[in-house]
Amino acid sequence: MMASDSPLEIGSAFPRQDAVAKVLGREKFAADYYDQNPLWAGVKRAGIPHGRLKAIHTEAALTVPGVVCVLTHRDIRGSNRQGVVRKDQPVLVDSKVRHCGDPVALVVAETKEALERALRRIALDIKVLPAVSDILEALDAKSPRIHEDHENGNLLLHGTLEKGRVEQAFQECAHRVEAWFHLPWQEHAYLETEAGWAVLQKDGEVTLVASTQTPFRDRAEVADALGLDLHKVRIVAPFCGGAFGGKDGITVQSLLALAAIHCPGRAVKMWWDREESFIAGAKRHRAMIYYRAGATASGVLHALEAKLYYDTGAYDHLGGVVMALGLEHAGGPYRIPHSRIQAFSVYTNNPVSGAFRGFGVPQVNGALEQIMDMLAEAAGQAPVAFRRRHAVRRGDINAIGVTVQGSTGIQACLDTLVESASWKAMKAFKAREIPFKRRGVGIACVMHGMGYGPVVPDVAHAKIELQTSGQFCVFCGVVDMGQGNAATCLQIAGHILNQDMPRMALVLPDTQKTLPCGSSSASRTTYTYGNALIAAACALKKRILQYAGELWMVPDEKEVLLVPGAVRHLPSGREMALADLAKGLNPSERVATARFRAPVSREMPVKDPALRLHGIPHVIFSYGVHAAGVEVDTLTGQVQVKKYMAVSDCGRILNPQLIRQQIEGAIAQGIGYALQEAVIVERGVMKTKDFSTYILPCALDVPEMETAYVELEEDSGPFGMKGAGEVGMDGPLPAIGNAVADAIGARIFHYPLTPERVLAAMDPNEKTGQKG
Amino acid sequence: MNISFHLNGRPVTVRVPSGKRVVDVLRQDLNLTGTKEACGSGECGACTILVEGRARLSCLMLAVQLKERHVVTIEGLASGGLLHPVQEAFVEYGAVQCGFCTPGMILAAVDLLKRNPLPSGEEIREAVSGNLCRCTGYARIVDAILAASRRMARGKKR
Ligand code: FES
Ligand code: FES
């Protein structure tokens, strides 16, 4: 590890610069704002899954001492609609209730206690409509419509990707397998629940501090929904206490801004408790997935068919885009000549689903990688050998008909896995017999596309300033939700400018101070902003060197070098402190900005403009292979992950410590997804409300993890890197599923693999069922 | 009601309802927001503080229970401008991501090391099993606590 005063260099394991304030308890998260003795805001939620709003009785609430105001849709001057693609979600319900968590009335009070009392006294008069909670039922033409204005009924979006002649290809197959998989909702369960703080300033600007991944998009959404001037809304985005996609999209923002504009001169705070976060926060989509795959007599993967059904809940949120990414990834990193993949994103009266690390891919990959094992077994091949035989290489046409471009390390990942000591250890682990335990090993390949796809501009603007103190300040407009991209920005700029950490400063996203950068999501955060920052830092460096060269009247700036805190004239050894140099520049000379737009695919595997808008196809992918060794207790059905290895191709590594954090953290979330996390919703009503019923992996549930990397250079990436935030999430569920199947000799198609399901699968008298 | 106790080495008196939760007293009345709240029901450990040196969940304690006690929050752990060895190890070993579980996790570790100065990895996992972290997967946290324990043991010998 490097000391904090050595110059920042790409590739070194620098401790994150934000860690110090965090271990001291000094980092101020959105939830930590109590500035100006704020009022408390909270919402009354519908509590029923489907209905028509008749009346809101607020009188009793208004009599509670300490209540400042009670607001409803009538107090909203703007569109009262928010959403990323389809603006279908009201800030406060004005006509229809579409899920239990729909906010109907907003209360602002002097204290939390008064707020709670007042919320209990609001009575809602809602005409109950039949709730639609089953995915297939929702698609039935006779089902009640959730959005009457949506032309396709309850079908939010669908898409088909087709290549070759699937039906005929299946005829040609000697080996065929098929199955339905059921993947559950997953709760983000970030430790910092949705939180924010807002105030209406004297000049009419609403300043909003929020735990968000998307400050710039929030600003536009809030302004539109509430009828405010865009430039009268300022969003400040501190470090998030976790987000994972759940803060990609509005949570508290519009409600807080609405409260603030009705309470001039007072700050307002909103902080959902855990139960509210379960009820109203977005989830990973529940999914039903059908796969059929076939191989020829010689064991060549020949045909694939898939049908993907995603339950997006009451609103689009990002449900269409999530579905499209799943659709695009449904063929995995394999050469498959014939494929047909259909995907459906379906409105229901269930809780809203949206972005969650992996973004639709953990579901499809969870199913696909198990189908690959099933097919390999049917064709008499080992899981690794079967994958090595079919894994894509650069220049191949992938399963959905798109040319594989950019660095492509899936083969190298597989090679690294089988040559590793961990893989041998895993086989030895399996070979050891223990009474009342069964052991198994499973693998899964992963791939994950980066960025927004071909249509939505994937753009970031970087800004860097040489301050008169001699420090370089990076204005980072893309949120750090915990992944450490802010620290990586400093490392990138420090590397270019040859500075150490104490000589770097950081401004976190703030729509007033930083430039628009898009979201912290889609594995694009460091890639897109990093590329912009490289250009900005290089421009500033050049300007500084030129200026120093001219000042010293040397023939050209190549004689001048930036060193920590100074510039040095190499032939003479003469130096000037950066603080002094900075004073000679005027303010605009000390600043450099740059813009970067991520490259897009020029191929058209699909003509459907809706699918292109929703992101198909991507052009840069990260890859990996995961291997899990599990132990199943034959008496209790408990599954323990004992061994884990992930080999990842995320391009070149800028900071080994940070990528390890990303991969390990994703594995832990994936272990929870595979084995223990289950959001229970009954006819649209959330039954899971706390961490005693939603069991997150604790330190005893996650094993030591081995991580290895295939550091191929991605030409388009900043210093050769590719996104690492999501790819690790796509592997654990199928690797563990395959390992459990290997251990008990039966496959389970409903997740998570709870002890009851495992016991039932082991019992020869009980059927696990192939169909849902 | 007036409640007097020792907070991070200094006597303090707060005027709060006796039934107010300690986590709220710390965060709202004393502006010590390093103590986090992530569940409010004793299930996550984010609100951990040290009371008489032992890790306690401040979301389950009432203000009146602080009376005459010695309390340490994350803000009071570093001394003389130096990080506590557990804090230092958390930074160095990459045990911090979003950082929202970090204060509670560190204080749980400090409590453990006081009772068991050289714990095994398994003992560490057991001891922090009530502290949830959604970001790290725990491996770096366990490593950091192990490293801190060794460093502290060496420091004592000297
Ligand atoms: S907030 Fe106290 S245990 Fe979770
Ligand atoms: S670092 Fe985010 S919850 Fe632990």
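Computed from the coordinates by the stated procedures, all read-outs in this text should not be read as laboratory data. No experiment lies behind these values; they were computed from the predicted model shown. Note that each Cβ is placed from the backbone with ideal geometry, even for glycine, and that neighbours are counted across all protein chains shown.
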* Neighbouring Cβ atoms within 10 Å as the yardstick, rank A:Thr58, B:Thr48 fewest first. => A:Thr58, B:Thr48
* Asked: To the nearest 10 degrees, how steep is helix B:102-115 against the longest Cα principal axis of chain B, on a 0 to 90 scale?
  -> 70
* **Coil-residue chymotrypsin sites (Phe, Trp or Tyr not before Pro) of region A:681-772, DSSP, other Cβ within 10 Å capped at 15** => none
* Structure fact -> Cα gyration tensor of region B:2-76 diagonalised, 5x eigenvalues square-rooted, in angstrom largest first, produces semi-axes 17, 13, 11
* What is the diffusion coefficient of region B:85-153 in µm²/s, taking the Kirkwood radius over Cα pairs and the Stokes-Einstein relation at 10 °C with a viscosity of 1.306 mPa s? -> 139
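For peptide A:183-194, compute the average count of partner chain beta-carbon atoms within 10 Å of each residue's beta-carbon. Please report the intermediate quantities before stating the final value.
Values: counts 0, 0, 0, 0, 1, 1, 5, 5, 18, 9, 5, 0.
Shielding by partners across A:183-194 averages 4.
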* Asked: Once both axes come from the Cα atoms, what is the angle between helix B:139-157 and the longest principal axis of chain B, in degrees from 0 to 90, rounded to 10?
  -> 90
* Round to a whole angstrom and tell me the spacing of the C-alpha centers of region A:121-190 and region A:350-403. => 21
* Two-site label geometry, A:Leu561 and A:Lys87: point separation in nm, points 7 Å out along Cα→Cβ -> 5.6
* **region B:22-158 - Rg (one decimal) and Dmax (whole number), Cα, Å** => 14.3, 42
* Structure fact -> Note to self: C-alpha centroids of region B:1-70 and region A:552-620 sit apart, in Å, by 48
* What FRET efficiency comes out for the pair A:Arg683/A:Asp580, r = Cβ-Cβ distance, R0 = 56 Å, nearest 0.05? -> 0.20
* Structure fact -> Placing +1 on each Lys and Arg Cβ and -1 on each Asp and Glu Cβ in chain A, then taking the dipole about the Cα centre, the residue among A:Ala141, A:Phe386, A:Ser95 whose Cα reaches farthest towards the positive end is A:Ala141
* To do: Would you list which aspartates and glutamates come within 19 Å of A:Lys96, measuring only between C-alpha atoms, while excluding same-chain residues fewer than 8 positions from it?
  => A:Asp75, A:Asp88, A:Asp125, A:Glu148, A:Asp149, A:Glu151, A:Asp316
* Listed residue pairs exceeding 28 Å between alpha carbons, taken from A:Lys513/A:Lys583; A:Lys28/A:Lys112; A:Lys28/A:Lys642; A:Lys112/A:Lys689; A:Lys112/A:Lys202; A:Lys513/A:Lys541 -> A:Lys28/A:Lys642
* To do: Give the relative contact order (percent, whole number) for region B:2-76; include only Cα pairs under 8 Å separated by 6+ residues.
  => 41
* Structure fact -> Classified through the alpha carbon gyration tensor (a ≥ b ≥ c as square roots of its eigenvalues; rounded if a/c is under 1.5, else prolate when a/b is larger than b/c, else oblate), the protein assembly as shown comes out rounded
* Can you give the helix-only mean residue ellipticity at 222 nm for chain A, where every DSSP H stretch with n ≥ 4 adds -39500 (n - 2.57) and the sum goes over all residues, rounded to the nearest 500 deg cm²/dmol? -> -8000 deg cm²/dmol
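Send over the Kirkwood Rh of region A:132-236, from the inverse of the averaged 1/r over different Cα pairs, rounded to one decimal Å.
19.5
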* To do: Might you report the magnitude of the Cβ-based charge dipole of region A:89-175 about its Cα centre, with Lys and Arg at +1 and Asp and Glu at -1, to the nearest 20 debye?
  => 300
* Give a quick list of GluC sites (Glu not before Pro) in region A:419-491 that DSSP marks as loop, anything other than H, G, I, E or B, with at most 10 other Cβ atoms within 10 Å. => A:Glu433
* To do: Name the residue farthest towards the positive end of the dipole of chain B from the options B:Val25, B:Met152, B:Gln65, assuming +1 on Cβ of Lys and Arg, -1 on Cβ of Asp and Glu, about the Cα centre.
  => B:Met152
* Where both partners of a DSSP beta bridge lie in chain A, what percent of those bridges are antiparallel, to the nearest 5? -> 80
* To do: Quick one: which residues, 5+ away or cross-chain, put their amide H under 5 Å from the amide H of A:Val68? H built at 1.01 Å from N.
  => A:Val108, A:Ala109, A:Glu110
* Give me A:Glu221, A:Glu706, A:Glu110, A:Glu550 ranked fewest to most by other Cβ atoms within 10 Å of their Cβ, as a rough exposure proxy. => A:Glu550, A:Glu110, A:Glu706, A:Glu221
* To do: Using Cα centres only, tell me the gap between region A:467-510 and region A:1-66 in whole Å.
  => 23
* Place a +1 charge on the Cβ of each Lys and Arg in region A:570-726 and a -1 charge on the Cβ of each Asp and Glu, then give the dipole magnitude about the Cα centre in debye, rounded to the nearest 20. => 660
* To do: Would you work out which of A:Ala220, A:Val236, A:Gly204 lies farthest towards the positive end of the dipole of region A:201-245? Charges go on Cβ: Lys and Arg +1, Asp and Glu -1.
  => A:Val236
* GluC sites (Glu not before Pro) restricted to region B:6-109 and DSSP loop, no more than 12 other C-beta within 10 Å -> B:Glu52, B:Glu68
* Nearest 20 debye, what's the magnitude of the dipole of chain A about its Cα centre given +1 on Lys and Arg Cβ and -1 on Asp and Glu Cβ? -> 560
* To do: Enumerate the aspartates and glutamates that A:Lys307 could reach by cross-link, defined here as Cα to Cα under 13 Å, with residues fewer than 8 away along the same chain left out.
  => A:Glu162, A:Glu178, A:Glu328
